[in-house]
1. Hey, can you tell me all the residues within the stretch A:194-253 that are among the β-branched types (Val, Ile, Thr), closer than 30 Å to B:Lys157 by Cβ and part of a loop (DSSP other than H, G, I, E, B)?
2. Could you list, in sequence order, the residues of the stretch A:32-58 that are within 24 Å of A:Ala8 (Cβ to Cβ) and among the β-branched types (Val, Ile, Thr)?
3. Determine whether B:Phe15 is within 14 Å of another protein chain (Cβ to nearest Cβ), more than 21 Å from A:Lys45 (Cα to Cα) and open to solvent by less than 70 Å² (accessible area, probe 1.4 Å).
4. Can you say whether B:Ile176 is within 17 Å of the chain's Cα centre (by Cα), more than 10 Å from chain A (Cβ to nearest Cβ), under 18 Å from A:Ala166 (Cα atoms) and of a type outside the set (S, T, N, Q), as far as the supplied structure shows?
5. So A:Ala211 fits all but one of (1) buried (at least 20 other Cβ atoms within 10 Å of the Cβ); (2) of a type outside the set (Lys, Arg); (3) over 22 Å from B:Val180 (Cα atoms); what number is the exception?
6. Looking at the stretch A:86-111, which of its residues are open to solvent by 10 Å² or more (accessible area, probe 1.4 Å) and away from every other protein chain (no Cβ under 14 Å)?
7. Of everything in the stretch A:69-120, what is among the hydroxyl-bearing types (Ser, Thr, Tyr) and in contact (Cβ under 8 Å) with a residue 40 or more places away in the chain? Give them in sequence order.
8. Does at least one position in the stretch B:182-190 carry a residue that is under 17 Å from the mean Cα position of the chain (by Cα), part of a helix (DSSP H, G or I), surrounded by 18 or more Cβ atoms within 10 Å (Cβ to Cβ) and not small (Gly, Ala, Ser)?
Protein chains: 2
Amino acid sequence: MKVLVVLAHPDPRSFNGSLFQVSVNELKAQGHQVKTSDLYLMKWKAEIDRADFPDLATDARLKVPYASRDSYTTGNLTEDIKTEQEKLLWADVVILHFPLWWYTMPAILKGWVERVFSMGFAYGVGEHSDKHYGDRYGEGVFAGKRAMLVVTAGGQKEHFSTRGIAGHIDDLLFPINHGVLYYPGFQVLPSHVVYQTDRLDEVGFEKEAEALREKLRHLDTIEPIAFRPQNGGDYEIPSLTLKPGLEGKNARGFSIHIRDSGVAKNE
Amino acid sequence: MKVLVVLAHPDPRSFNGSLFQVSVNELKAQGHQVKTSDLYLMKWKAEIDRADFPDLATDARLKVPYASRDSYTTGNLTEDIKTEQEKLLWADVVILHFPLWWYTMPAILKGWVERVFSMGFAYGVGEHSDKHYGDRYGEGVFAGKRAMLVVTAGGQKEHFSTRGIAGHIDDLLFPINHGVLYYPGFQVLPSHVVYQTDRLDEVGFEKEAEALREKLRHLDTIEPIAFRPQNGGDYEIPSLTLKPGLEGKNARGFSIHIRDSGVAKNE
């Protein structure tokens, strides 16, 4: 397979950066083709702004979605953005490595999403009718590809459990897994999360490295999160609200958007 | 009162940028002292990296939390960061204006949080004991201050309702309201959200501007979101899990961390 591995950590010697290297090495050892986007190494520009849209007239108001669509359509996006879009189109699997900072991805990775996921490319595509509300949430440019997050967190696992004060890790990552990855069509694998990484020594690291390698050996067979396709009949259109009675008995919050989510949920 | 208003949009003529100006004008008209942080205008650097920590030896591994704590403690953070910290300490109320991009705040604002909310300042503070797990979630440097989000979204309100495909807006904003603002001590007011801003004309804008002005007239009396204080008895320590039976009958997901949340929830 062809795998794109993205890293958003400023030090390659960090726990997260070291896991990124584990991924790259293991995937190559398995015979996969690997490309990387080490965002800090690339000095990735996080802020989306006028400079990203050479087509935009100097005095024109910047409407970000439309400016990105226009420059995407004419092929005039900046080279750094086009390069990332090509990597995404090339890949069968995309893996995002990042530390959980303030309960979500680092700014540099958020800025990668904002700048690379242009309108006309990753959103704002597909027909709109009374049965179909654009190609999104299960459809779109990345349909047929898989994606997975590899996340390191300083806090304890219990703090991210169902009753944990931070909120459940699956809920914290939902806006990324569902809103950023499933939205443009990726099948999203359950996230690989490592807790209390500040406390882990070399033995602890090697144990976590092996757990990640084991996961990577099954990238093509791991069951994706069963998010509900937007146009698959579970939602009213155009209100895009879940039809009554479809959620599992115990499903709540974000998890109603996962099929059979009332049955089992990791604690 | 002293109010800090932050904006994260690259065009001041945008719907969001215009609402920012409405806030600034209205607050001044009410006699408040106002400071602003227009992040794009300031060319705010979003990526946290070694350059932020002049104290860090060139060959030292960058551990972001500890590097930020060390440079905060010695007073050697960069000037742009120190200026924002001073504004935050000055303010009685902080208002964050931003468009919802990929279901959360723009990268430039996330980078403002990462760089300005240093360890030793906004986290990693307070005693740890069997009754107290640091000054966080209701305690901390910003205790006694209030904060509020003003958010514009392209999508329809129903898409962000309890059964809406995007997830409930309160849940999408929970990692910011609870994890970024309540964590270092802010009392967090319910978010002010405007939907389908792409579709609103001048009449629609003026109606929304007036709704915001009305909200701003009651900044000091609006009831904050009733997040549960971490050290107030509702959580086990150190697991930081909500004690059994405390959540409202219908509370689910993130909302269990809000007192009486089972009673009423905006649809």
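1. Our first condition is that a residue be among the β-branched types (Val, Ile, Thr); within the stretch A:194-253, this holds for A:194, A:197, A:203, A:221-222, A:225, A:237, A:241.
Pick out the ones that are also closer than 30 Å to B:Lys157 by Cβ and you get A:225, A:237, A:241.
Those that are among the β-branched types (Val, Ile, Thr), closer than 30 Å to B:Lys157 by Cβ and part of a loop (DSSP other than H, G, I, E, B): A:Ile225, A:Ile237.
2. If the condition is that a residue be within 24 Å of A:Ala8 (Cβ to Cβ) and among the β-branched types (Val, Ile, Thr), then A:Val34, A:Thr36, A:Ile48 are the ones that fit.
3. Details: within 14 Å of another protein chain (Cβ to nearest Cβ): yes; more than 21 Å from A:Lys45 (Cα to Cα): yes; open to solvent by less than 70 Å² (accessible area, probe 1.4 Å): yes.
Yes, satisfied.
4. On the way: within 17 Å of the chain's Cα centre (by Cα): yes; more than 10 Å from chain A (Cβ to nearest Cβ): no; under 18 Å from A:Ala166 (Cα atoms): yes; of a type outside the set (S, T, N, Q): yes.
In short, no.
5. Going through (1) buried (at least 20 other Cβ atoms within 10 Å of the Cβ); (2) of a type outside the set (Lys, Arg); (3) over 22 Å from B:Val180 (Cα atoms) one by one, A:Ala211 breaks only (1).
6. Once the filter is applied, which keeps residues that are open to solvent by 10 Å² or more (accessible area, probe 1.4 Å) and away from every other protein chain (no Cβ under 14 Å), the stretch A:86-111 yields A:Glu86, A:Lys87, A:Leu89, A:Trp90, A:Asp92.
7. At the first step, the residues of the stretch A:69-120 found to be among the hydroxyl-bearing types (Ser, Thr, Tyr) are A:71-74, A:78, A:83, A:103-104, A:118.
Once the filter is applied, which keeps residues that are among the hydroxyl-bearing types (Ser, Thr, Tyr) and in contact (Cβ under 8 Å) with a residue 40 or more places away in the chain, the stretch A:69-120 yields A:Ser71, A:Tyr72, A:Thr73, A:Tyr103, A:Thr104, A:Ser118.
8. Kept after step one, since they are under 17 Å from the mean Cα position of the chain (by Cα), are these residues of the stretch B:182-190: B:182-190.
With part of a helix (DSSP H, G or I) added as a condition, the list becomes B:182.
Next, from what is left, pick out any that are surrounded by 18 or more Cβ atoms within 10 Å (Cβ to Cβ): B:182.
The next check asks that each one be not small (Gly, Ala, Ser); those that pass are B:182.
So far as the stretch B:182-190 goes, yes, one or more of its residues are under 17 Å from the mean Cα position of the chain (by Cα), part of a helix (DSSP H, G or I), surrounded by 18 or more Cβ atoms within 10 Å (Cβ to Cβ) and not small (Gly, Ala, Ser).
The values are calculated or read from the model by the stated rules, or taken from the named source; none is laboratory data. Everything numeric in this text was worked out from a predicted model, so none of it was measured. Ideal geometry is used to build each Cβ from the backbone, glycine not excepted, and the neighbour counts take in all protein chains shown. SASA here: full protein model, heavy atoms, side chains in, ligands and nucleic acids out. Shrake-Rupley method; radii C 1.70, N 1.55, O 1.52, S 1.80 Å.
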